[in-house]
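Here's the structure we're looking at; comments come further down.
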Amino acid sequence: MKWLMFPLLLSLAACSGTRALQASKSVPQATLEQTVQVGSSTREQVRAALGDSTSIRFDSGNEVWMYTYPDGSPGGGEYIILFGQDGVVKKVRRGEVYQLKK
């Protein structure tokens, strides 16, 4: 059941609209990967290193933060961080930024 939580949270984050993703802070990908360590990095450490981001907080206490990074493709990429109730990084995911077709 726990393996369903991260995809569900990502789906909910995507449903919040592209406005949230466009508001994300752009950070170099290497900085993201060096700063965010699953199981040890805390919200405070990530905020201190990368600055504020777009975030979605859930009633469960979990929180998703989204950053963008330039990757050579139109729109760049996105880096999504899932924090658990304890404020520690539980999972990360990176990929292309979702773009609405006009």
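Bear in mind these aren't lab numbers, they're just calculated from the coordinates by the rules spelled out. Please read these numbers as outputs of a predicted model, since none were measured by experiment. Every residue, glycine among them, receives a Cβ derived from its backbone with ideal geometry; neighbour counts consider all protein chains shown.
Here are the numbers for the structure shown:
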read-out: Inter-probe distance in nm under a simple model that places probes 7 Å from Cα toward Cβ, at residue 29 and residue 43; value: 2.9 nm
read-out: Amide H partners (placed H, <5 Å) of residue 41, local residues excluded; value: 89
read-out: Spin-label pair residue 57/residue 93, simplified geometry with 7 Å Cα→Cβ offset, distance in nm; value: 2.3 nm
